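The structure appears right after this line, and notes come after that.
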Amino acid sequence: MVAMHLHPWHILVIAMAGWMNREQSAVVEYLKEENRILRELLGKKRSRLNDDQRRRLAAKGKVLGRKLLATCCCIVTPDTILRWHRKLIAKKYDGSASRGPGRPRIAGRIGSLAVRMASENRTWGYKRIQGALANLGHYVCKETVKRILKRDGIQPAPERSRKTTWNEFIRVHWDSLAAADFFTVEVWTPFGLVRHMVFFVIELQTRRVEIAGIAPDPNGSWMVQVGRNLTDCFGGFLLGKRYLIHDRDPLYTAQFRETLAAVGVRCVKLPPKSPNLNAYAERFVKSIKSECLNRMIIFGGKHLRYVVNEYVEHYHSERNHQGVGNRLIETTKLPLPDEGPVVSRTRVGGMLKYYHRSAA
């Protein structure tokens, strides 16, 4: 056996290494004991670590392994530290933040267009709507259109086309529609208060109103005569109209409806308790009562006729209407002066006013 000769420097390095190893062992033992003491002080109270502390422990603990961690780990278990390390690795390769969604959602405006087309065209099926969308540069499949309409509760075309909606009926027959209604006014007479019935007809497209009659006790014969006046061939208000909308008042007798039908005007009876379906007539009643009749006391039938006729003149040529673009129903064809004094035209004792420029 050959004796191994060591250089003096080798002996010095080995001595230093042994000394450093003993020093490190002493430091580790001290830290382990310090951890035990801290654990005894904490007792069973669980330590709450933040994400940075977990990351630091996981990075250091992975190098030691489960066995060594079991001898020195006091705050958390070795399995917890290793689980934190696996999460660090998974987070490093997590690409979910850069991943986009799967199939793109249909833009809201495309869905709104599909619903609008189905609502305005009850006979259009899925393919027809698909083609109409393609004309506008929106290319979707038939199933997408079906899903959009189903989401908004719109039935397929065969179901939608079986029944005409009230709005569609109004829109299709707009220029040939008129509506009729009554309103009551309490009038002072020598015999006390007497209720008078005012019967009027309104043209829906233009909002023009015709006071067809005023009577304290209207009956069937009176209504027949009113119907004849409305359909008179020399300027009757209902000439050119095809439909007259009215409620279920018993004064709309069979003879009255036959009088109108003889000249091609069909009466359309509204369902019970549906004032919204005769909204234009109801709005006129509200206007004449709130702006005029409810603000004064009426004495006699002649006074009532005068007040109502004055209001109708004001309603047609002096009052702006929001339903027709905030314009007057009847306007003069002459150009309005740009300059000149502003004067006020009054009716019914100054209750109704209209401002205009007087001609120079």
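Since every read-out is calculated from the coordinates, none of them should be taken as a lab result. Computed from a predicted model, the values in this text were never measured in an experiment. Here Cβ is always computed from backbone atoms with ideal geometry, including for glycine, and neighbour counts include all displayed protein chains.
For the stretch 198-245, the list of chymotrypsin sites (Phe, Trp or Tyr not before Pro) that fall in a loop by DSSP and count at most 14 other C-beta atoms within 10 angstrom reads PHE234.
Protection proxy ranking of 338-349, 177-188, 114-125, 135-146, by the mean of other Cβ atoms within 10 Å over each peptide's residues and highest first, is 177-188, 114-125, 135-146, 338-349. Volume per residue for the stretch 242-316 equals 140 cubic angstrom (convex hull of Cα atoms).
One-quarter of the Cα convex hull surface for the stretch 108-163, in nm²?
On the way: hull surface 13.3 nm².
Mean shadow area of the hull around the Cα atoms is 3.3 nm².
Based on the Stokes-Einstein relation at 10 °C and a viscosity of 1.306 mPa s, and on the Kirkwood radius from alpha carbon pairs, the stretch 172-347 is assigned a translational diffusion coefficient of 90 µm²/s. Selection among ALA114, THR144, ILE154 by position relative to the dipole of the stretch 108-163 gives ILE154 as farthest towards the positive end (Cβ unit charges, Cα centre).
Roughly how many debye, to the nearest 20, is the charge dipole of the stretch 205-360 about its Cα centre, given +1 on each Lys and Arg Cβ, -1 on each Asp and Glu Cβ, and no other charges? Display every interim value, and only then the final one.
Details: 23 positive and 14 negative charges, 59 e Å.
So the magnitude is around 280 debye.
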